[in-house]
Amino acid sequence: MRRDTFLKSLAAMAAAGVLPAQAADINLKMMIPANPGGGWDGTGRALGKAMQDAGALSTVQYENKGGAAGAIGLAQFVNGSKGDPNTLMVMGAVMIGGIITGKPPVSLSAATPVARLTSEYNVFVVPVDSPFKTLKDVVEAVKKDPGSVKWGGGSRGSTEHIAAAMLAREIGVDATKINYVPFRGGGEAIAAILGGNVSVGGSSYSEFQQYIDSGKMRPICATSPTRLKIAPTVPTMKELGYNVEIGNWRGVYGAPGITPAQRKALTDLLQKTVKSKGWAEALEKNGWTDAWLAGPAFDEFVEREFASLRVTMVKAGMI
């Protein structure tokens, strides 16, 4: 075979993904602004693994820093990674909600938007030995005494916190009387649910799935408009008669002060990753929906999310 023909064939095979990917010489640092075991942690580590499997980088260093809906990790990321083109921070709707309610000193606008990755809806669960068998049981208890039901989930301002407040509004209960217990990570929330330290827990179905499958938790409802593909037997709040629908999404930001070219390089790296087999497998395994959005469209989306969540929180009586 002629050399030029061989090189063209080699290039075609590489483009088609026939050849094994060769890792780029990039050592990425991933800030996960939550404790281990939760949605941000799972997303960050799944993303890092998919990046490596796709040959987009050579190594990934993860750092968990939980608290205040990601605001503590955000502050460390902003102050410690200025101008570093090889750093990413996982973020999403929970961080925006936390910023609205907590008003932290460091703004999300200090970092560099890169891309939205996934979207999903939450489910609420109870321990298998709970006296609450259905959402109706929970609602009746909340009506009698709002403080008697402990809701466990992510930080204040998280989508599960907002959903609980929206439900309170639906049943005529003051949302400020809801007994919501925030946790810094999914692992802590799961332990609290299994230990009976909270009455009802909220998060993504994938975080609870192993405990549901093993019979330790019982799902009672989802915050989606229709039943989840990953959990077809779980009714939605809407079909149970409560007009509560709220989605969650996750994305990544880059360091403050990186150049437009460096931002584009990160975007290209992520775009390569989200088209990979490894990322497709992560989406399927966790029940995540691909929600890729980058560039100016992502910037505008985040601005709209701040406005939209603020309105939702005001209507729910949270702020």
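Which one is nearest to residue 257 (Cα to Cα), of the residues in segment 84-118 that are open to solvent by less than 10 Å² (accessible area, probe 1.4 Å) and of a type in the set (Ser, Thr, Tyr)?
87
If residue 302 meets every condition in (1) more than 22 Å from residue 39 (Cβ to Cβ); (2) touching a strand residue (DSSP E or B) at 6+ places or on another chain (Cβ under 8 Å) apart from one, which number is that one?
Tallying (1) more than 22 Å from residue 39 (Cβ to Cβ); (2) touching a strand residue (DSSP E or B) at 6+ places or on another chain (Cβ under 8 Å), residue 302 fails exactly one: (1).
Name every residue in segment 237-254 that is β-branched (Val, Ile, Thr) and within 18 Å of residue 291 (Cα to Cα), in order of residue number.
246, 252
Quick one: count up the residues across segment 174-187 that are out of contact with any Phe, Trp or Tyr (no Cβ under 9 Å at 6 or more places or on another chain) and buried (at least 19 other Cβ atoms within 10 Å of the Cβ).
4
Being open to solvent by less than 20 Å² (accessible area, probe 1.4 Å) and modelled with pLDDT of 95 or more: is that true of residue 234 here?
yes
Scan segment 254-264 and tell me whether some residue there is in contact with a strand residue (DSSP E or B) (Cβ under 6 Å, 6 or more places away or on another chain), touching a residue at least 40 places away in the same chain (Cβ under 8 Å) and either within 26 Å of residue 131 (Cβ to Cβ) or open to solvent by less than 10 Å² (accessible area, probe 1.4 Å) (or both).
yes
Could you check segment 284-307 and list, in sequence order, the residues that are open to solvent by 20 Å² or more (accessible area, probe 1.4 Å), in a helix (DSSP H, G or I) and at pLDDT 95 or above?
296, 297, 299, 300, 301, 303, 304, 305, 306, 307
Kindly indicate whether residue 250 is within 14 Å of residue 205 (Cβ to Cβ), of a type outside the set (Gly, Ala, Ser) and surrounded by 14 or more Cβ atoms within 10 Å (Cβ to Cβ).
In short, no.
Hey, can you tell me all the residues within segment 133-173 that are open to solvent by less than 10 Å² (accessible area, probe 1.4 Å), under 16 Å from residue 247 (Cα atoms), part of a loop (DSSP other than H, G, I, E, B) and of a type outside the set (S, T, N, Q)?
Within segment 133-173, 157 is the sole residue that qualifies.
With the condition kept exactly as written, say whether any residue in segment 102-112 is part of a strand (DSSP E or B) and touching a helix residue (DSSP H, G or I) at 6+ places or on another chain (Cβ under 6 Å).
Looking for residues that are part of a strand (DSSP E or B) and touching a helix residue (DSSP H, G or I) at 6+ places or on another chain (Cβ under 6 Å), one finds at least one in segment 102-112, hence yes.
Name the residue that is least open to solvent (accessible area, probe 1.4 Å), counting only residues in segment 20-75 that are among the acidic types (Asp, Glu) and farther than 24 Å from residue 109 by Cα.
53
Which pairs have Cβ atoms under 6 Å, sit 6 or more apart or on different chains, and link a residue in segment 37-50 that is more than 15 Å from residue 285 (Cβ to Cβ) to one that is assigned to a helix (DSSP H, G or I)?
These pairs meet every condition: 37/186; 37/187; 38/186.
The values are calculated or read from the model by the stated rules, or taken from the named source; none is laboratory data. Nothing here was measured: the structure is a model prediction, and the numbers come from that model. Note that each Cβ is placed from the backbone with ideal geometry, even for glycine, and that neighbours are counted across all protein chains shown. The area values use the complete protein model at the heavy-atom level, side chains included, leaving out ligands, DNA and RNA. Shrake-Rupley method; radii C 1.70, N 1.55, O 1.52, S 1.80 Å.
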